[in-house]
1. Could you order Met176, Met94 by accessible surface area, starting with the largest, using a probe radius of 1.4 Å?
2. Set the bar at 22 Å for Cα to Cα. Now go through Lys40/Lys192; Lys135/Lys192; Lys142/Lys192; Lys80/Lys142; Lys40/Lys80 and name every pair that lies beyond it.
3. Once both labels are modelled 7 Å past Cα along the beta-carbon direction, what's the Phe9-Phe168 spacing in nm?
4. Based on the Cβ-Cβ distance of Arg156 and Asp77, what FRET efficiency does E = 1/(1 + (r/R0)^6) give at R0 = 35 Å, to the nearest 0.05?
5. Which of the trypsin sites (Lys or Arg not before Pro) found in segment 104-144 are in a DSSP loop and have at most 15 neighbouring Cβ atoms, other than their own, within 10 Å?
Amino acid sequence: MFNQESLQFIQVDSFEAWRDAARQLLHHRVNPAAVHFESKDDRRPSLLDAGDNLKDRNISNRSDSKPSFRVPKELVDLFKMVAQHRDPNRWQRMYRTLWRLANENPHLLQIDSDEDILTLRRMESSVRRDAHKMKAFVRFRKTIIDSEEHYVAFHRPDHLIVPLIASFFAARFSSMNWTILTPDQSVSWDQKSLQFGPGVQANQMVEKDELEAIWLTYYRSIFNPARIKWNAMVKEMPVRHWPT
């Protein structure tokens, strides 16, 4: 059976993987102090992944292995957003909050001054803000791939938001073949489905092309140095995003 005396290492790579592991841990009343979550994107020495870890400890994955309480939808939505945050400790904080809600205070979500709740909401806000910036900042460049037009963009998000934001671009640019590259992950759309791949560095980007020339022509036609508000521009578009 599950050994609650030794520290359990669990490695996850998505909200779904964390949710499955947390459900089983909570069902077996495993205190947060007895488990340590690691993210696969941390590039640290390999630990046991969530599936093997739970299997090795004879924790059932049957549908009847559920917590004895219903997780509020508000908390699920909060966790889904926080899961995209870059903080490697996010999984640990999420499980600790879930444990406290189930075993200490069912009204924990209503305590805005609580350290865990306050931190989670700040992380959620940061992810939402980053997603908003990505929607606004991504600019595609046209390339020709196998005699077909393909649009490519490079972006440096603050968090791991590519899976979160991909559907927005698929809906917005549904009639285009495009790829968005980031250092963490890439996503492509072929007008039918989304395909995710590894990230790339900026020096692997395509060269400037005619689409950028058209964009520069348009930009110059409306650009007026006397009207620019530098403080506002830096606030809305951080300097690190200017090159892309």
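The values are calculated or read from the model by the stated rules, or taken from the named source; none is laboratory data. Owing to the predicted nature of the structure, the values given are computational and were not obtained by experimental measurement. Heads up, the Cβs are rebuilt from the backbone with ideal geometry, glycines too, and the neighbour counts pull from every protein chain shown. For the accessible areas, the whole protein counts, side chains as well, though only heavy atoms, and no ligand, DNA or RNA atoms are used. Shrake-Rupley method; radii C 1.70, N 1.55, O 1.52, S 1.80 Å.
1. Met176, Met94
2. Distance filter (> 22 Å) returns Lys40/Lys192; Lys80/Lys142.
3. 3.6 nm
4. It comes to 0.85.
5. Filter output for segment 104-144: Arg139.
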